[in-house]
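Q: Below you will find the structure I want to go over with you.
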Amino acid sequence: MNKIVLDGKYLHFRPISHILNLVVNDGLKTNQLAISKIRTTVRFVRSSSQRLVKFKECVGFAGITSNKILRLDVATRWNSTYLMLESAEPFQVAFDKLDFEDPSYIEYYGPNSSPPNFEDWDKACAFMKFFKIFYDAIKIFSTSTHVTIHAAFHQLYKIHIELKLAIMDSDPVMSAMGKDMKLKYEKYWENVVKMNDLIYFVVVLDPCYKMKFFEFILPQMYNSKLENESLTKMKANMLNMFNWYASAHDKKNELEKYLDEPNFDDDGNFDLLLWCKENSLKYPVL
């Protein structure tokens with residue numbers, strides 16, 4: 001059509017993966033000591049073949065059958081820290097046995113530190129359980145083999161709920177971490193009205209959800225006034241974009257017909273791109 005869609009109104013879209021990284025990094029600030037101790041423990045075992053052999057003996061003594069391989073993280077990349085903790089957690093008892101089996105283990109920490117204790121491991125387990133949803137979301141957004149934008153809002157909704165639950169957690173460390181992360185989350189996604197509407201349009205254009213999805217979800221995330229305002233704005237802006245495209249196709253009623261049709265049942269195997277291909281003649285503009 002020889003020009004930018006609606007003069008570039010929706011051209012600026014915040015990088016979701018980058019923002020999620022910022023959110024998680026704010027939460028990590030309250031867990032640095034426990035994570036640092038476990039990182040040092042993993043580094044100790046991986047620092048020489050003799051120490052690795054001794055560690056494997058401790059694994060045998062403890063009766064651990066896990067086949068996971070210890071991974072050392074990159075401290076500036078939280079997802080690699082998550083994977084490090086996930087690989088180390090099954091061997092907690094074996095690490096504890098190193099205290100008695102290898103005298104150099106305690107010395108490795110120096111006079112101002114010590115190996116991770118039960119409380120440190122407990123915090124690490126809580127961290128892994130909580131951050132798995134962020135790790136899974138990053139994996140979804142990082143793929144290059146299938147469409148991902150229609151999954152964006154679903155992931156943000158899950159994270160929104162997890163942060164609210166974390167704040168209400170009885171553990172003060174977990175609650176503080178949730179508050180720090182929610183502040184960062186709200187810096188970018190608190191105001192549903194100001195967000196780029198493309199993140200909503202792609203959900204509406206998924207035949208499994210359409211507009212009814214937002215009528216159900218938004219009240220759980222925002223107050224009723226903001227919810228009504230956002231739904232009204234969303235419908236008006238989507239119709240505006242549809243009319244912009246329709247001006248080149250003379251198809252004025254596609255959006256209404258699409259929204260009136262019943263939703264598809266999402267059985268986990270629904271292929272959005274295949275549906276678009278099969279319905280391209282029926283809905284050329286959409």
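The values are calculated or read from the model by the stated rules, or taken from the named source; none is laboratory data. These numbers were taken from a predicted model, which means no experiment stands behind them. No Cβ is skipped: glycine too gets one built from the backbone with ideal geometry, and neighbour counts run over all protein chains shown. The area values use the complete protein model at the heavy-atom level, side chains included, leaving out ligands, DNA and RNA. Shrake-Rupley method; radii C 1.70, N 1.55, O 1.52, S 1.80 Å.
Q: Not counting ligands, DNA or RNA, and with a 1.4 Å probe, what is Arg43's accessible surface area in Å² rounded to the nearest 10?
A: Approximately 90 Å² of Arg43 is accessible to the 1.4 Å probe.
Q: Let me ask something else about it. What list of whole percents do you get for P(r) of the chain, with Cα-Cα distances grouped in 5 Å bins up to the one holding the largest distance?
A: Values per bin, smallest distances first: 1, 5, 10, 13, 13, 12, 10, 9, 7, 6, 5, 4, 3, 2, 1, 0, 0.
Q: Quick one: how many Å² of Val53 are accessible to a 1.4 Å probe, rounded to 10?
A: My reading of the accessible area for Val53 is about 80 Å².
Q: Using the Kirkwood radius over Cα pairs, work out the Stokes-Einstein diffusion coefficient for the stretch 18-171 at 4 °C and 1.567 mPa s, in µm²/s as a whole number.
A: Rounded to a whole number, D works out at 76 µm²/s.
Q: Could I ask something else about it? Evaluate the Kirkwood expression for the hydrodynamic radius of the stretch 123-266, namely the inverse of the mean inverse distance over all pairs of different C-alpha atoms, and round to one decimal in Å.
A: 17.2
Q: Please compute the length gained on full extension between Asn67 and Asn21, using 0.36 nm multiplied by the number of residues separating them and subtracting their Cα-Cα distance.
A: 13.6 nm
Q: Suppose the chain between Asn196 and Glu119 were pulled fully straight at 0.36 nm per residue; how much longer would it get relative to their current alpha carbon spacing? Present the calculation step by step, with values, prior to reporting the outcome.
A: On the way: separation 77, 0.36 × 77 = 27.72 nm, distance 4.23 nm.
Between Asn196 and Glu119, full extension yields an extra 23.5 nm.
Q: A further question follows. Please find, in a Gaussian network model of the chain (springs between Cα atoms separated by less than 10 Å), the residue of Asp73, Asp271, Asp206 whose mean-square fluctuation is greatest.
A: In this elastic network of the chain, the residue with the biggest mean-square fluctuation among Asp73, Asp271, Asp206 is Asp271.
Q: Between Leu52 and His12, how many nm apart are label points set 7 Å from Cα along the C-beta direction?
A: 5.1
Q: Starting from the stretch 77-161, pick out the trypsin sites (Lys or Arg not before Pro) whose DSSP state is loop and whose Cβ has at most 16 other Cβ atoms within 10 Å.
A: On the way: sites: Arg77, Lys97, Lys123, Lys129, Lys132, Lys139, Lys158; in loops: Arg77.
The qualifying sites are Arg77.
Q: Only four residue types carry charge here, +1 at the Cβ of Lys and Arg and -1 at the Cβ of Asp and Glu. Report the dipole size of the chain about the Cα centre in Debye, rounded to the nearest 20.
A: 760
Q: Also, I was wondering about something else. So for the stretch 103-150, considering every pair of alpha-carbon atoms, how many percent are separated by more than 12 Å?
A: Details: 829 of 1128 pairs.
Roughly 73 percent, rounded to a whole number.
Q: Still on this structure: Among 20-29, 56-65, how do they line up by average Cβ neighbours within 10 Å per residue, starting with the highest? Could you put the intermediate results ahead of the total?
A: Numbers: 20-29: 18.4, 56-65: 14.0.
Ranking the peptides 20-29, 56-65 by packing returns 20-29, 56-65.
Q: Provide, as a two-decimal number, the C-alpha radius of gyration of the stretch 35-88 over 2.2 N^0.38 Å, N being how many residues it has.
A: So the stretch 35-88 has a normalised radius of gyration of 1.15.
Q: At 1.4 Å probe size, what's the solvent-accessible area of Leu255? Round to the nearest 10 Å².
A: 10
Q: Give the distance, in whole Å, between the Cα centre of the stretch 115-130 and the Cα centre of the stretch 1-72.
A: Taking the Cα centre of the stretch 1-72 as reference, the centre of the stretch 115-130 is 14 Å away.
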